[in-house]
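Read through the structure below, which is laid out as structure tokens, and then see the notes.
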Amino acid sequence: MKKLAIIALFLFGATASAQEGDAAKGAELAATCAACHGQDGNSANAMWPKLAGQNAKYLEKQIKDFQAGAKDQSQGRYDPSMAPMVANLSEQDIADLSAYYAAQETQLGAVPKEFIDLGKKIYFQGDAERGIPACSACHGAAGQGLDLAGYPAVSGQHPEYAIKQLKAFAWAKRANDNNAVMRDIANRMSEQQIEAVAHFMLGLH
């Protein structure tokens, strides 16, 4: 696993955080995020992602990408609701927030029966005919991702949010994935596959 992590770091350019996060300080900062993401990072509204249990490196990158997008919408990742929230966060604030959410426990959900078979197949096997690799190759068998390489945890994420992001990658409306990895994969997926795997991940653990 350590060797794989080193290879991933080389291929995708992930680097160690310059700041050490303080989860206790992050908990204080998270009070301003609670309205959308929940105090412990488990958002009640499916339009906003769960941050609880998310890998710290991934969270740091997303916050910095939102900051970049707020300054120039053609760069990073832009969202009108996130732009003012991240504008004044320092490097240390970002590290603290990320450490806090990474330490929280993700709330899982029940997967509707109609999505289990196809969702499981795509997640663990992919679709060779469409050139879709198994999601588990990067996000792990339990959906916990790989923090060192910057791969996000997907276990327990709201299906509605996951579907929205997969389609954003497929249509290149979201382009902050390293080496266009997610854009290339999502573009090959059918809507049925996207919907199935998104629902499957809700109960993945």
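The values are calculated or read from the model by the stated rules, or taken from the named source; none is laboratory data. Owing to the predicted nature of the structure, the values given are computational and were not obtained by experimental measurement. Quick reminder, even Gly has a Cβ in these numbers, built from the backbone with ideal geometry, and neighbours come from all protein chains shown. Side chains included, ligands, DNA and RNA excluded: accessible areas come from the protein's heavy atoms. Shrake-Rupley method; radii C 1.70, N 1.55, O 1.52, S 1.80 Å.
Seen from all sides and averaged, what is the projected area of the convex hull of the Cα atoms in the chain, in nm²?
Its average projected convex-hull area is 10.9 nm².
What range in the chain is the longest one free of GluC sites (Glu not before Pro) that are in a loop by DSSP and have at most 14 other Cβ atoms within 10 angstrom?
106-205
Once the Cβ-Cβ distance between SER74 and ASP22 is put in as r, and R0 is 35 Å, what FRET efficiency do you end up with, to the nearest 0.05?
0.55
Just the ratio, please: alpha-carbon radius of gyration of the stretch 90-138 over 2.2 N^0.38 Å, N its number of residues.
Dividing the Cα Rg of the stretch 90-138 by 2.2 N^0.38 Å gives 1.75.
With springs only between Cα atoms under 10 Å apart, run a GNM on the chain and tell me which of TYR123, TYR78, TYR151 wobbles the most.
Ranking TYR123, TYR78, TYR151 by mean-square fluctuation puts TYR78 first.
Sorted by accessible area with a 1.4 angstrom probe, largest first, how do TRP171, TRP48 fall? Please list the in-between numbers first.
On the way: TRP171 150, TRP48 70 Å².
Reading off the accessible areas and sorting them downward yields TRP171, TRP48.
Could you order ARG77, ARG183 by accessible surface area, starting with the largest, using a probe radius of 1.4 Å?
Reading off the accessible areas and sorting them downward yields ARG183, ARG77.
First obtain the Kirkwood hydrodynamic radius of the stretch 79-171 from its Cα pairs, then insert it into the Stokes-Einstein equation at 20 °C and 1.002 mPa s, and state the resulting D in µm² per second as a whole number.
The estimated diffusion coefficient comes to 137 µm²/s.
Kindly express, to the nearest 10 degrees and within the range 0 to 90, the angle between helix 56-71's C-alpha long axis and the longest C-alpha principal axis of the chain.
70
Pick from VAL154, VAL181, VAL111 the residue whose mean-square fluctuation is largest in a GNM of the chain, springs joining Cα atoms under 10 Å.
The residue that fluctuates most here is VAL181.
Could you state the orientation-averaged shadow area of the convex hull built on the Cα atoms of the stretch 119-205, in nm² to one decimal?
4.9
How much length is gained if the chain between GLU160 and GLU114 is pulled fully straight, taking 0.36 nm per residue apart and subtracting their Cα-Cα distance, in nm to one decimal?
So the chain would gain 15.0 nm between GLU160 and GLU114.
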